[in-house]
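The values are calculated or read from the model by the stated rules, or taken from the named source; none is laboratory data. What you see is a predicted model; the values in this text were computed from it and never measured. Note that each Cβ is placed from the backbone with ideal geometry, even for glycine, and that neighbours are counted across all protein chains shown. Ligands, DNA and RNA are excluded from the accessible area calculation, which covers all protein heavy atoms including side chains. Shrake-Rupley method; radii C 1.70, N 1.55, O 1.52, S 1.80 Å.
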Amino acid sequence: MSKLIVRTIDLSKVYRRGKVNVPALNNVNLQVSSGEIVGIMGPSGSGKTTLLNIIGGLDKPTQGKIFVDGVDITSLNEKDLADYRLKKVGFIFQFYNLIPILTALENVEIPLALMGAPKDERRERALSLLRVVGLENRADHKPDELSGGEQQRVAIARALANNPSIVLADEPTGDLDSKSAMAFMKIVRDLNRRNNQTFIIVTHDPLVVEQCTKIYTIRDGRVESA
Ligand SMILES: Nc1ncnc2c1ncn2[C@@H]1O[C@H](COP(=O)(O)OP(=O)(O)O)[C@@H](O)[C@H]1O
Ligand SMILES: [Mg+2]
């Protein structure tokens with residue numbers, strides 16, 4: 001029996017653009033069990049990124065609650081929410097969001113530095129994470145000296161730095177060739193199996209979808225099918 005790690009209750013989000021209300025999520029009730037690899041599909045503009053950002057504590061819902069590991073994150077103050085983002089979740093973005101002037105190793109060290117880890121420990125952990133994604137021999141390379149697939153693997157290593165229980169990925173293979181996309185999913189599966197980490201992946205990619213343990217579809221801000 002696995003426990004629920006994410007549970008949203010009547011989650012709604014309405015953006016305000018000037019005087020116009022833009023509904024993005026409409027009463028979403030989503031349940032994710034610990035250790036799942038969940039795929040979220042849906043047309044452009046259906047609310048996928050909004051949902052991921054809210055689960056990750058980057059944005060707040062207009063209505064509803066969201067429990068992560070039993071804690072209602074909508075009730076957290078800014079400090080506790082920042083703590084939640086740093087310790088509980090890892091984010092992987094489509095365009096990697098690596099810092100261009102830092103090396104692969106230094107990029108992976110960022111979350112560890114934010115946690116206040118001592119320099120030696122940081123370095124050692126960042127190197128071991130680069131080893132996990134097969135990039136220990138690229139530690140001193142800057143992002144523009146790496147291929148798209150390699151940059152995405154650095155982004156995975158960075159997302160994992162603080163050993164988050166949930167990893168959120170927004171169209172992580174959208175910019176990758178199929179070989180890199182498969183390499184990405186192999187790492188996800190290995191981590192999931194080894195550490196029981198939960199993944200929630202927004203994707204259109206059939207290569208990703210076939211590796212997920214569960215698929216949800218969002219349409220017009222509603223979760224449609226399980
Ligand atoms: N910051 C924002 N301000 C206003 N409207 C937004 C904002 N972000 C997203 N939206 C709108 O919310 C809806 C859902 O967007 P989004 O979650 O990005 O969808 P998806 O990731 O599925 O393409 C869209 O109509 C989009 O235009
Ligand atoms: Mg999106």
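A few remarks follow.
- Residues whose placed amide H lies under 5 Å from that of Gly64, excluding near-sequence neighbours: Ser12
- Accessible surface for the chain, divided over its residues, is 49 Å² per residue with a 1.4 Å probe.
- Using alpha-carbon coordinates, inclination of helix 119-132 to the longest axis of the chain, degrees: 80
- DSSP-defined antiparallel bridges as percent of all bridges, the chain, nearest 5: 55
- Portion, in percent, of the accessible area of the chain that falls on carbon or sulfur, probe 1.4 Å: 50
- Amide hydrogen neighbours beyond the local backbone of Val89, cut-off 5 Å, H modeled: none
- Sequence-distant residues sharing a close amide H with Leu176 (under 5 Å, placed H): none
- Working from label points 7 Å from Cα in the Cα-to-Cβ sense, the Lys142 to Ser34 distance is 4.3 nm.
- Angstrom value of the Kirkwood radius, inverse mean 1/r, which spans all Cα pairs in the chain: 17.9
- Helical content alone sets the calculated 222 nm signal of the chain at -10500 deg cm²/dmol, taking -39,500 (n - 2.57) per DSSP H segment of four or more residues and averaging over every residue.
- Helix 148-160 axis versus longest C-alpha principal axis of the chain: approximately 80°, rounded to the nearest ten.
- Ordering 149-156, 212-219 by mean Cβ neighbour count within 10 Å, with the highest value first, yields 149-156, 212-219.
- The heavy atoms of Met41 offer some 50 square angstrom of accessible surface to a 1.4 angstrom probe.
- Principal axis extents of the Cα atoms in the range 13-102, from largest to smallest and rounded to whole angstrom, are 40, 35, 29.
- For the range 102-226, share of DSSP beta bridges that run antiparallel, in % to the nearest 5: 40
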